[in-house]
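Participant: Sharing a structure with you now.
No lab work stands behind these numbers, since they all come straight from the coordinates. Owing to the predicted nature of the structure, the values given are computational and were not obtained by experimental measurement.
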Amino acid sequence: MSLSDLAALGSFISGIAVFFSFFFLAVQLRQANRNQRSLMQQARTGRNVEILLKMADPAVGETIAEADANYGTLGAAGIWTFYGFAAAVFWSYEDSFMQFQAGTLHPESWQSDVATLKRLMARPPYRAVWKMAREGMSGGYRDYIDSLVSEVPIDRSRSSITELFAAYIAEELATSR
């Protein structure tokens, strides 16, 4: 075997090694993308759970219930508490919006967030907080929520979560007989 034959064999083996290197790089990039999406989903879930647990705090829960049922008579401390809670909700969804726009949040997760945002924007107290907090939000997200506000009609039923809960309990009790 001549020196040129050895060089050709070496080039061939080198080409195969480069091919496998690219293949493994593609596999690693795909796995890294999955890991990134997983981390974004975990962060989103963590934020949502934190918000829900905050609602379980009796003082905050009472303020939220009062804001939802009797928003016209909410006192100054209640307004501040509700503003802090609702603005935190909006900022949490802003992050989800940006992650969705960047392609790191799964579309189904974002659709779940949109459904929640529509429910919130149907309620007058959340619309009021949005008007107060919107200037602090990014332009794309601000425009998106503004479009929801114009699209979603105000829920004038004033039925609160407490009333919905009682109605669903009654339904369950009626079907279990």
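Participant: Which of 91, 80, 110 moves most in a GNM of the chain, Cα contacts under 10 Å?
Facilitator: Among 91, 80, 110, the largest GNM mean-square fluctuation belongs to 80.
Participant: Ratio of segment 1-129's C-alpha Rg to 2.2 N^0.38 Å, to two decimals?
Facilitator: With N residues counted in segment 1-129, Rg over 2.2 N^0.38 Å equals 1.89.
Participant: For segment 1-59, I need the span (max minus min coordinate) of the C-alpha atoms along each principal axis, in Å, sorted largest to smallest.
Facilitator: Sorted from largest, the Cα extents of segment 1-59 read 86, 10, 8 Å.
Participant: Could you calculate the contour length gain from residue 138 to residue 88, that is, 0.36 nm times the residue separation minus the distance between their Cα atoms, to one decimal place in nm?
Facilitator: Roughly 16.6 nm would be gained on extension.
Participant: Which one of 164, 117, 105 has the biggest mean-square fluctuation once the chain is modelled by GNM with Cα springs under 10 Å?
Facilitator: Among 164, 117, 105, the largest GNM mean-square fluctuation belongs to 164.
Participant: 222 nm [θ] for the chain, helices only, -39500 (n - 2.57) per DSSP H run of 4+, per residue, to 500?
Facilitator: Helices in the chain give a 222 nm mean residue ellipticity of -28500 deg cm²/dmol.
Participant: Can you give the Rg and Dmax of segment 54-177 based on its C-alpha atoms, in angstrom?
Facilitator: 16.0, 53
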